[in-house]
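> Sharing a structure, written as structure tokens. Questions coming.
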Amino acid sequence: MPELPEVETVRLGLERWCLEQKIVGVEVLHDRATNPRSLGALDCVKGATIKNIARRGKFLWFELDRPFALVAHLGMSGQFRVHPVKTADEKHLRTRFTISRNLFAAHAVAAKRQELRFIDQRTFGWLAISELTGEVPELVSGIARDIFDPNFERVEVIAKFRKRKTEIKRALLDQNLMSGVGNIYADESLWRAKIHPESMASALSAGKINSLLDCAALVMSQALVEGGTSFDSLYTNVTGQSGYFEHSLSAYGREGEPCPRCAHQICRIRFANRSSHFCPNCQRK
């Protein structure tokens, strides 16, 4: 599932291609592309101009010259692609937006129509119309700030972590506590901080959790530079390119391989219906 670095990579690509562009056509090709909580059909964005592309954690939204936003969650395999009109359709194309380039847009490459496509093989991703009267759309209002948010309250978040009587990895994955971290970057952050994934959050010192947050910020910053992590074609940026951070992973997906720090074998355990990778020597419980 795309996590913060992958979603931010997509956001940057959308910003490059879509700012100040007018949505002149909408075609929904699959019912599951629309979130049931959407305020209306997706075609209500027709005629709107895209003013900004924003993100919180794993959520994206298009701010329009309207009192609502077009919100997107990529799910496990959702992708946005920008193509010239009449480019052959992808097999799992779910929604097509035709956008008209503005001659006066700062990043316009050509004054011609393009298609912004939402593609999703596994159909867990979605789009929705959501009221936007404050900082974030209503559909995103319950999601905590991520560590790169300028208003992220680190001291407050550390205190919340320490109150959780649950495993530290489960707390890291809680999007209502701190958003953006998924299974990949949780494993990588815990490896860098030398914390066992099953350690109780409430048993860790404030300094240890602060170090973990530093590690999370660092690993996701490095992943963003490399375009995120791509294990297969289910995650690419808006021009179809894969990210390269897979080659820099130290723990996630490295079961049986030597730990880059101590050479002990990386182990995998089942955790919260998913896999968790760690070094039993460096990350002692």
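The values are calculated or read from the model by the stated rules, or taken from the named source; none is laboratory data. Here the structure is a predicted model, which is why all the values come from computation and not from measurement. Positions of Cβ are generated from backbone atoms using ideal geometry, with glycine treated the same way; all protein chains shown enter the neighbour counts.
> What is the number of the single condition among (1) assigned to a loop (DSSP other than H, G, I, E, B); (2) surrounded by fewer than 16 Cβ atoms within 10 Å (Cβ to Cβ) that M1 does not meet?
(2)
> Identify, from the list G75, G13, G47, the residue that is crowded, with 16+ Cβ neighbours inside 10 Å and at positive phi.
G75
> Further, regarding this structure: Considering only residues that are outside any loop (DSSP other than H, G, I, E, B), crowded, with 20+ Cβ neighbours inside 10 Å and not hydrophobic (A, V, I, L, M, F, W, C), which ones fall in region 106-129?
If the condition is that a residue be outside any loop (DSSP other than H, G, I, E, B), crowded, with 20+ Cβ neighbours inside 10 Å and not hydrophobic (A, V, I, L, M, F, W, C), then Q114, R117, D120 are the ones that fit.
> What residue, of P260, P197, is outside the structural domain of I119 (by TED's automatic domain parsing) and over 28 Å from R145 (Cβ atoms)?
None of the other options fit; the residue is P260.
> Return a yes/no flag: does region 23-38 have any residue that is among the acidic types (D, E) and modelled with pLDDT of 95 or more.
For region 23-38, residues among the acidic types (D, E) and modelled with pLDDT of 95 or more: present.
> Given the condition in contact with a His (Cβ under 8 Å, 6 or more places away or on another chain) and more than 15 Å from E8 (Cα to Cα), answer yes or no: does some residue in region 229-244 qualify?
no
> Within region 259-278, work out how many residues are part of a loop (DSSP other than H, G, I, E, B) and either over 23 Å from M1 (Cα atoms) or free of Cβ contacts under 8 Å to residues at least 24 places away in the same chain (or both).
Count: 8.
> May I pose another question? Answer yes or no: is there a residue in region 67-86 that is under 15 Å from V24 (Cα atoms) and in contact (Cβ under 8 Å) with a residue 40 or more places away in the chain.
Within region 67-86, one or more residues are under 15 Å from V24 (Cα atoms) and in contact (Cβ under 8 Å) with a residue 40 or more places away in the chain.
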